[in-house]
Structures are given as C-alpha cells and as structure tokens.
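The values are calculated or read from the model by the stated rules, or taken from the named source; none is laboratory data. All values reported here derive from a predicted model rather than from experimental measurement. As a convention, Cβ positions derive from the backbone with ideal geometry for all residues, glycine included, and neighbour counts pool all protein chains shown.
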Amino acid sequence: MKFFIDTANLDEIKEAAALGILDGVTTNPSLMAKVGIKGKDAVKQHYKTICELVNGDISAEIISTTYEEMIKEGKELAAIHPNIVVKVPMIKDGIKAIRYFTDNGIKTNCTLVFSPGQALLAAKAGATYVSPFIGRLDDVSTDGLNLISDIVQIYDNYLFDTQVLAASIRHPMHIIECAKRGADVITAPLSAIMALFNHPLTDKGLDIFLKDAEKWK
Ligand code: G3P
C-alpha cells in the first residue's frame with residue numbers, strides 16, 4: 001500500500017518524507033490556494049519543488065474543463081517533471097482527456113469520484129489512479145468506505161490496472177479501513193498519518209523500559 005500526503009505545504013511534505021514512508025504527494029487547487037501560491041508560473045515552480053522533495057508520483061490538478069484546454073494544460077504540467085501525474089476531474093471531457101494522456105504516456109489521476117460507475121469509466125479510459133473521496137461522502141451521510149470496497153471488487157473482477165487512491169481522508173481509521181479493503185494508495189493530511197503512531201501503551205511501555213534501563217546502565 002502506497003502512502004501519499006495530501007497537501008501543498010512544503011514543511012508538511014518534508015516532515016512526512018523524513019519518516020521514510022512517503023511514496024508521493026497529491027494536491028488540488030484548494031490546497032495550492034491554502035499555501036498562498038498565486039499565478040501559473042508560481043504554481044509550476046511549486047510543483048517542481050515538490051518533485052525535488054519527494055521521489056514518487058506527484059499529482060498536479062488541471063483547472064481546464066474542455067477537452068482541448070485539458071490536453072494543453074495537462075501536457076504543460078507533465079513537462080515539469082517525469083513524476084508529475086495529471087489530475088483530471090471526472091467529467092465527460094475529463095474521461096476523453098484521460099484516454100488521450102494514457103495513449104500518449106502521461107500518467108493520470110481521475111479526481112472527484114463519488115460512485116462505482118464513475119470509477120469504472122476512469123478505469124476504462126486507462127487512468128493510472130482513481131480518487132474516490134471518502135470524507136466528502138461521509139459528510140453527506142453516505143458511507144465513503146463502502147465505495148472503496150465496491151471499486152476494489154470491480155477492478156479485481158476485470159484485472160484493471162488503475163490503482164485505487166483513497167482520497168478525502170480525515171482520520172487514521174479511514175487509513176486503516178482503506179488498508180483492510182484493499183485500496184492501493186491512501187492520500188491523507190499529515191495529521192491523519194501522524195495519528196497512526198499514537199498508542200498510550202507504547203508511551204507507557206517505553207517509559208517503563210527506559211526507567212528500568214537506568215538500573216543497569
Ligand atoms: O485532494 C482531494 C481530497 O483529498 C480532498 O480532501 O478533505 O478536501 O475532502 P477534502
């Protein structure tokens with residue numbers, strides 16, 4: 001299972017990368033806005049910096065919504081670094097664009113996926129990754145984790161190569177449930193990843209071991 005961090009914050013990316021467990025980064029226009037990146041050139045430079053920090057797939061989201069514009073923007077993003085994955089929204093022109101990118105050797109991440117049917121279309125178009133949004137489904141009283149199970153089952157039935165990238169993760173139990181259900185990748189905020197470390201018995205046990213070690217040092 002791959003671990004991606006879902007942020008455009010360089011300090012958070014560095015902190016996760018330093019753990020030695022980070023396989024990639026996902027971003028979106030909201031996350032870029034949150035760190036104050038403004039303008040096309042600044043956005044491209046920021047993606048380049050992220051690519052230099054993490055040796056893994058880095059999702060860069062296009063903001064065009066028509067096929068022709070998507071192809072142009074996606075090609076520009078892909079040219080930034082070989083590890084760039086073009087993130088494309090789940091709309092009709094997006095699926096057409098994913099087919100184009102797939103046929104031309106550009107990796108893709110189909111985003112804003114909320115149903116098994118949408119995930120099936122993304123796989124048919126040859127997407128490298130599909131991003132079902134768990135937390136946003138939970139927000140509207142629909143079990144987001146069930147969507148992960150459904151997509152994993154459908155992809156396994158037909159041996160699709162598209163990797164299930166569980167997104168919109170809000171807490172550590174989302175990560176654990178995604179692992180149990182066979183998601184290929186999780187992308188999570190730093191807080192959810194760091195929360196996986198926590199257990200009071202670990203802290204208590206370490207405290208006892210260190211105190212006892214004082215006796216024989
Ligand atoms: O990057 C897409 C997704 O992870 C967004 O998460 O928390 O804004 O629903 P969230």
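Return the total of residues in region 155-172 being within 16 Å of the ligand (Cβ to nearest atom) and assigned to a loop (DSSP other than H, G, I, E, B).
Kept after step one, since they are within 16 Å of the ligand (Cβ to nearest atom), are these residues of region 155-172: 163-172.
Filter once more, so that each one left must be assigned to a loop (DSSP other than H, G, I, E, B): 168-171.
Total satisfying the criteria: 4.
Take the conditions within 15 Å of the ligand (Cβ to nearest atom) and under 28 Å from Leu77 (Cα atoms) and apply them to Phe114. Does it pass? Explain how you work it out, then say what you get.
Working: within 15 Å of the ligand (Cβ to nearest atom): yes; under 28 Å from Leu77 (Cα atoms): yes.
So Phe114 fits the description; yes.
Considering region 120-147 alone, what residues qualify as being small (Gly, Ala, Ser), near the ligand (Cβ under 10 Å from one of its atoms) and farther than 27 Å from Asn104 by Cα? Let's see the steps before the verdict.
As a first pass, look at region 120-147 and keep what is small (Gly, Ala, Ser): 122-123, 125-127, 131, 135, 141, 144.
In the following step, the residues that additionally are near the ligand (Cβ under 10 Å from one of its atoms) were identified as 131, 135, 144.
Across region 120-147, the qualifying residues are Gly135, Gly144.
Of the conditions (1) closer than 22 Å to Lys92 by Cα; (2) of a type in the set (S, T, N, Q); (3) part of a helix (DSSP H, G or I), Thr65 fails just one. Which one is it?
(3)
Just for region 111-150: of the residues that are polar (S, T, N, Q) and not in a helix (DSSP H, G or I), which one is nearest to Ile186 (Cα to Cα)? Spell out how you get there, then give the answer.
Residues of region 111-150 polar (S, T, N, Q): 111, 115, 118, 128, 131, 141-142, 146, 149.
So of that shortlist, the ones also not in a helix (DSSP H, G or I) come out as 111, 115, 128, 131, 141-142.
Details: Thr111: 13, Ser115: 17, Thr128: 14, Ser131: 9, Ser141: 21, Thr142: 19 Å.
Within region 111-150, the match that is nearest to Ile186 (Cα to Cα) is Ser131.
Limited to region 9-31, what total is found for residues that are under 22 Å from Ala78 (Cβ atoms), within 16 Å of the ligand (Cβ to nearest atom), part of a helix (DSSP H, G or I) and of a type in the set (A, V, I, L, M, F, W, C)?
2
Could you check Ile37 against (1) modelled with pLDDT of 95 or more; (2) surrounded by 15 or more Cβ atoms within 10 Å (Cβ to Cβ) and say which number it fails?
If we test Ile37 against (1) modelled with pLDDT of 95 or more; (2) surrounded by 15 or more Cβ atoms within 10 Å (Cβ to Cβ), just (1) comes out false.
Could you list, in sequence order, the residues of region 32-55 that are away from the ligand (no atom under 16 Å from the Cβ) and in a loop (DSSP other than H, G, I, E, B)? So that I can check it myself, show each step before the final result.
First pass over region 32-55, keeping only residues away from the ligand (no atom under 16 Å from the Cβ): 36, 38-42, 44-45, 48-49, 51-53, 55.
The answer is Gly36, Lys38, Gly39, Asn55.
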